[in-house]
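Single-structure report; data block below.
The values are calculated or read from the model by the stated rules, or taken from the named source; none is laboratory data. Being a predicted model, the structure only gives us computed values, none of them experimental. We place every Cβ from the backbone using ideal geometry, glycine too, and count neighbours over all the protein chains shown. Note: areas computed on protein heavy atoms with side chains; ligands, DNA, RNA excluded. Shrake-Rupley method; radii C 1.70, N 1.55, O 1.52, S 1.80 Å.
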Amino acid sequence: MGTVVDDAASVEFHAFFERHYAELSRLACLLTGEADTADDLAADALLALWHRWDRVRAADHPVAYARGVVANLARTRIRSAVRERRRIALFWSHREERTENPDVAGVVDVREALRRLPFRKRACVVLRHAFDLSEKDTALTLGVSVGTVKSQTSKGMAELQRLLGAQAPQRVHAAVGSPPGPHGAESLRARTGEAGGKDR
């Protein structure tokens, strides 16, 4: 009972997965600065979408919904990492952090520079300049106003230009490369399609 509907939903979801997984993985990479875990973060986001697929497929902008889930997971991961670094620092405070304050802006990698921005500025810059989203679509993805997107993007780009030079917009755009790796995608496929049936 309900097999035809479930099968149709599964086919629709996996088509969505194939179209957008790589993009979501790149977004996660740029937001967290962690290429080795970005594909898993994207897979976690898509798995969350799978469990609420009926709601997602009915949304006006499913891709914006997906990007928002990735952004929220990235924010949570960053906060967790910051807490962990603080705990470690309590025990290893005598160690010098040699990568925090580079002397020459030219040696700062784009992703390291992005990591220096507060999360909302980073997300606005990435979505506007790396993914070419409009201000409206960026606001929709992050659940903020267009005015907030404008101000946060402007402030974020000003800081990146200080770190990266006048070519910051082009360098941020160029930072979108190949997705970090396939193992997150393979894991998600195993957890959704081949597992048989959608959890409700």
Of the criteria (1) modelled with pLDDT of 60 or more; (2) part of a loop (DSSP other than H, G, I, E, B), which one N72 fails: (2)
Test: residue in segment 49-67 that is open to solvent by less than 30 Å² (accessible area, probe 1.4 Å) and closer than 17 Å to C124 by Cβ: yes
Lone unmet requirement of (1) free of Cβ contacts under 8 Å to residues at least 40 places away in the same chain; (2) closer than 17 Å to D132 by Cβ for Y65: (2)
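Does A15 meet the test of being more than 11 Å from the chain's Cα centre (by Cα) and more than 25 Å from F119 (Cα to Cα)?
yes
If you check L46, L41, L31, which single one turns out to be closer than 15 Å to L142 by Cα and buried (at least 17 other Cβ atoms within 10 Å of the Cβ)?
On the way: L46 fails: closer than 15 Å to L142 by Cα; L41 fails: closer than 15 Å to L142 by Cα.
Exactly one of L46, L41, L31 is closer than 15 Å to L142 by Cα and buried (at least 17 other Cβ atoms within 10 Å of the Cβ), namely L31.
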